[in-house]
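As structure tokens, the structure follows; a few thoughts come after it.
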Amino acid sequence: MTKTIGFLGLGHMGGPMAANLVRAGYDVLAYDPVPASQEQARSDGATVVDTAAAAAANRDVVITMLPNGKLVLDVYAELLPAAAPGTLFLDCSTIDVADAKAAAALAVTAGHRPLDAPVSGGVAGATAGTLTFMVGGTAADFADAGDVLAVMGAKVVHCGESGVGQAAKICNNMLLGISMIGLSEALVLGERLGLSHQSFFDVVSTASGQSWALTSYCPVPGPVPTSPANNDYQPGFATALMSKDLTLAANALQANGIDGQLGALAAAIYARFNQTDAGRDFSAIVTDIRDRSAETDR
Ligand code: NAD
């Protein structure tokens, strides 16, 4: 069993993920430049070190949970030379497929074993240890990461070679963004036509327009009491993160010559909403559609 872990990026997601590893008995060296995150990691039982490189030395596994691909590549430049040959590098950040492939290539060149392993499940899943991991890399490295991933997640899927875990993540979130916009447009149209939210829900949740966005994350208060709409659109999944993921998806559509018109449009719609509402849950897009529709009231 893997025993020693270096963990970089102790934010909303990485903090609780590292805490779960400590709780499961792993020896965790942790690094984050933010003092509050360091303090939390210390109280969770991790050993906090002063530099990124120090977190990677003599570890079986090095995990990164960082905001973007540029940072992952920058941090890898410090980590890769510091790690013992053959270290398993697990990047759980959501980043561009091209950046994930570049990071993996650098790790292989340095003699290490890279996996991209982005997650779904949010802070609640990170805290409960019930994340879904979408993993890209070799089958042997995936098997070796199994015990560590099982501590942090409830479902772990090997999606293919390096970068394909990130591909799964952006495909899923592109579809989620598109479906949330489509659902919100339908809800606002229903409002205008005199259809109550509950009647909309009762019909559509069992009809052909059914979606996870409606049945688990309904963007209007009432039908799904646990959805962020019932809590003044506190995230949940912040608009800033959805906008980031849709930008990654739109870039991938373009880079790969896909005629993905809805993906590009969803990215543009959330980029605009992000300018004013970055900190609200992404399902609040329904309020934006409603407000804009009111401007064109008959
Ligand atoms: P966050 O901003 O809360 O945490 C990122 C952490 O990285 C911060 O604590 C920051 O100080 C740290 N950091 C910055 N530079 C560093 C460096 N050089 N070395 C070590 N640490 C450094 O972000 P988050 O919400 O935890 O998200 C992390 C990743 O997970 C992102 O890629 C995000 O897209 C993805 N993600 C987030 C969610 C979510 O619900 N928050 C869900 C799924 C995926």
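The values are calculated or read from the model by the stated rules, or taken from the named source; none is laboratory data. Just so you know, these numbers come straight off a predicted model, no measurement behind them. As a convention, Cβ positions derive from the backbone with ideal geometry for all residues, glycine included, and neighbour counts pool all protein chains shown. Calculation scope for accessible area: heavy atoms of the full protein, side chains included, ligands and nucleic acids excluded. Shrake-Rupley method; radii C 1.70, N 1.55, O 1.52, S 1.80 Å.
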Practice task
Collect the residues in the range 153-172 that are open to solvent by 40 Å² or more (accessible area, probe 1.4 Å) and either charged (D, E, K, R) or within 23 Å of I285 (Cβ to Cβ) (or both), keeping them in residue-number order.
Solution key: K155, E161, C171, N172
Handout entry: Those residues of the range 103-119 which are open to solvent by less than 40 Å² (accessible area, probe 1.4 Å) and not in a loop (DSSP other than H, G, I, E, B), in sequence order
Key = A103, A104, A107, P114, L115, D116, V119
Completion exercise
Scanning the range 173-223 residue by residue, the ones that are touching a His at 6+ places or on another chain (Cβ under 9 Å), crowded, with 21+ Cβ neighbours inside 10 Å and either assigned to a helix (DSSP H, G or I) or among the aromatic types (F, W, Y) (or both) total 1
Handout entry: Candidate set from the range 5-46 (those that are within 13 Å of the ligand (Cβ to nearest atom) and among the acidic types (D, E)); member that is surrounded by the fewest Cβ atoms within 10 Å (Cβ to Cβ)
Key = E39
Problem - Unique residue being farther than 20 Å from K169 by Cα, within 14 Å of the ligand (Cβ to nearest atom), in contact with a strand residue (DSSP E or B) (Cβ under 8 Å, 6 or more places away or on another chain) and β-branched (V, I, T) when the list is V61, V72, V49 - result: V49
Fill in the blank from the handout: When the range 185-219 is checked residue by residue, the ones that are touching a residue at least 40 places away in the same chain (Cβ under 8 Å) and of a type in the set (V, I, T) are V188
Practice task
Consider L106 carefully, then state whether it is within 11 Å of the ligand (Cβ to nearest atom), among the hydrophobic types (A, V, I, L, M, F, W, C) and free of Cβ contacts under 8 Å to residues at least 60 places away in the same chain.
Solution key: no
Practice task
Mind listing just one residue for me: the one in the range 90-102 that is crowded, with 21+ Cβ neighbours inside 10 Å and not in a loop (DSSP other than H, G, I, E, B) and, of those, nearest to the ligand (Cβ to nearest atom)?
Solution key: D91
